[in-house]
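Asks: Here's a structure for you.
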Amino acid sequence: AMASSPPNSPQSCHGICFHRGAFTPSECDAIVALMKQRPSERDVRPSESVSRINYWDNSEGIRSSADRPSAYDWIYERLLERVRATSTEDAAAVQWGFGVSEGDAASLSQQLDFVLLHEFKGADFFDWHTDTKPGDGTGRTVNVNVMLSSSSSSASIQGDESQDGGYSGGGLLVGDCDVRPQKGDLYWYPAGYPHKVADVEGGERHTLVLAVKVEDSAREATDYWERCEANFLKLTCGFEDAKAKETAAAAAGGKPKQKKGAEVLPAGFGMKLVAEPWRQSRPLRPRSHSKWHFLFGEHLAAQGRDAEADEVFADAYASTEQAAEYALKFDEDGQRLAAGGRIEESLPFFKLAARIDSRSPTSTLYKAHLKAIEVALKGPSA
């Protein structure tokens, strides 16, 4: 009997398309050898919690044409085969940003920003992040990955003839979905969704990345960002698809919004943003990661929605075990600024304290401090 998918596996995760065994182990090894001919860099950014080695190719060599084929054409063709083979039910998730269901390797290659090999060794990692946000001009839509290494737990089970030794740790999470890729698996997901690679505990982990892009005007003309925002709401507040029916019904049959003259993108992932439901009440989802809130705040700030972003940044603190300590610190900082006559500067600190600690008995004090500052800033009544 076929084993059931584990909870939050790719088969049941929103926004991820997954093809098991799209490449053979020997083909995976050939891809690693090809990419290791490219320029490499050691990418260590402690402030962004990144440690890895990158082998980049953003040259014209990734482009393909009838008179000048690319060394990657066979990889592109394999990807296109899987795109075409994906069921109609999953077509929206598959085609976002591709637009190549009738295309070929040449057309796909024109939609790539770069081709990249990630190499993670012992103690390497990449914490929660997104690869694009509103207004960044990148046009990034989908990350296409091929897992090129065996996990140590699956290498012996798969009978991997390449014997790459496997790696331990290094799991891929896309939001609350544990992807669990095996060597040869092909999968893709929205670049605007938060994702991370857990610490690699041993061995080497290699992943191929194809960064799909479109003209930024095309991305802005559709509901790509609304869907990314809906995903953030799902992760941070627990809002589910059922909550989104109101907006879905008003979205002209589910078709994305278009601006005249803009390139058309396919429909997205089946989740629509509720009409600003969280401005009235936005609960914190239990066990939500603080970094999800922080990335959501960056997403909102990039759209110029600073007041909403500030609330979400406060939620990033509120979702930690140190929430009470953070609230106390911000309240104390606000009091010091207010005592020094810097009333206006103190306001954001009191807002943070009141938002972070909104339920405990201490929250009454924080709210009282915030109210006093707001009254002081308004001045005497006319």
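The values are calculated or read from the model by the stated rules, or taken from the named source; none is laboratory data. This structure is a prediction, so every number in the text was calculated from the model and none was measured. No Cβ is skipped: glycine too gets one built from the backbone with ideal geometry, and neighbour counts run over all protein chains shown. For accessibility, only protein heavy atoms count, side chains too; no ligands or nucleic acids. Shrake-Rupley method; radii C 1.70, N 1.55, O 1.52, S 1.80 Å.
Asks: Is it the case that some residue within the range 284-297 is touching a residue at least 24 places away in the same chain (Cβ under 8 Å), buried (at least 21 other Cβ atoms within 10 Å of the Cβ) and farther than 24 Å from S49 by Cα?
Replies: No: zero hits.
Asks: Pick from the range 176-202 the residues that are in a loop (DSSP other than H, G, I, E, B), of a type outside the set (S, T, N, Q) and farther than 22 Å from T236 by Cα: which of them is most open to solvent (accessible area, probe 1.4 Å)?
Replies: This residue is R180.
Asks: Collect the residues in the range 138-150 that are closer than 25 Å to Q182 by Cβ, in a strand (DSSP E or B) and modelled with pLDDT of 90 or more, keeping them in residue-number order.
Replies: Across the range 138-150, the qualifying residues are N143, V144, N145, V146, M147.
Asks: Among the residues of the range 351-367, write down those that are open to solvent by 60 Å² or more (accessible area, probe 1.4 Å) and part of a loop (DSSP other than H, G, I, E, B).
Replies: R359, P361
Asks: Name the pairs whose Cβ atoms lie under 6 Å apart, with the first residue in the range 118-137 and part of a strand (DSSP E or B), the second open to solvent by 50 Å² or more (accessible area, probe 1.4 Å), and 6 or more positions between them or separate chains?
Replies: Once the first residue is part of a strand (DSSP E or B) and sits in the range 118-137, its partners that are open to solvent by 50 Å² or more (accessible area, probe 1.4 Å) give F125/D199; W128/K291.
Asks: Continuing with this model, one more query. Those residues that are open to solvent by 10 Å² or more (accessible area, probe 1.4 Å) and in contact with a Ser or Thr (Cβ under 9 Å, 6 or more places away or on another chain), I need them from the range 133-144; list them, please.
Replies: T138, R140
Here's the yes/no breakdown for (1) within 27 Å of S152 (Cα to Cα); (2) in contact with a Cys (Cβ under 9 Å, 6 or more places away or on another chain):
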{"residue": "D176", "(1), (2)": "yes, yes"}
{"residue": "P190", "(1), (2)": "no, yes"}
{"residue": "G203", "(1), (2)": "yes, no"}
{"residue": "V212", "(1), (2)": "no, no"}
{"residue": "S217", "(1), (2)": "no, no"}
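Asks: Same structure again: Inside the range 284-350, counting only helices (runs of 4 or more DSSP H) that do not spill past its ends, which hold 1 or more residues that are under 19 Å from F239 (Cβ atoms)?
Replies: Answer list for the range 284-350: 290-302, 306-318.
Asks: If S64 meets every condition in (1) at pLDDT 90 or above; (2) open to solvent by 30 Å² or more (accessible area, probe 1.4 Å); (3) more than 16 Å from N145 (Cα to Cα) apart from one, which number is that one?
Replies: Unmet for S64, out of (1) at pLDDT 90 or above; (2) open to solvent by 30 Å² or more (accessible area, probe 1.4 Å); (3) more than 16 Å from N145 (Cα to Cα): (2).
Asks: Okay, moving on. Residues in the range 186-201: is at least one of a type in the set (D, E), touching a residue at least 40 places away in the same chain (Cβ under 8 Å) and closer than 25 Å to L80 by Cα?
Replies: Looking for residues that are of a type in the set (D, E), touching a residue at least 40 places away in the same chain (Cβ under 8 Å) and closer than 25 Å to L80 by Cα, one finds none in the range 186-201, hence no.
Asks: A further question on this structure: For the range 96-119, which positions are more than 12 Å from K213 (Cα to Cα) and at pLDDT below 55?
Replies: Scanning the range 96-119 gives V100, S101.
Asks: Return the pair list, or none, for Cβ contacts closer than 9 Å from residues in the range 221-235 that are under 12 Å from A191 (Cα atoms) and open to solvent by 10 Å² or more (accessible area, probe 1.4 Å) to residues that are assigned to a helix (DSSP H, G or I) and basic (K, R), at least 6 apart or on different chains.
Replies: That search, which allows pairs on different chains as well, returns W225/R219.
Asks: Whether any residue in the range 44-57 is in contact with a Phe, Trp or Tyr (Cβ under 7 Å, 6 or more places away or on another chain), open to solvent by 60 Å² or more (accessible area, probe 1.4 Å) and either farther than 23 Å from R180 by Cβ or of a type in the set (F, W, Y) (or both) is what I want to check.
Replies: Within the range 44-57, one or more residues are in contact with a Phe, Trp or Tyr (Cβ under 7 Å, 6 or more places away or on another chain), open to solvent by 60 Å² or more (accessible area, probe 1.4 Å) and either farther than 23 Å from R180 by Cβ or of a type in the set (F, W, Y) (or both).
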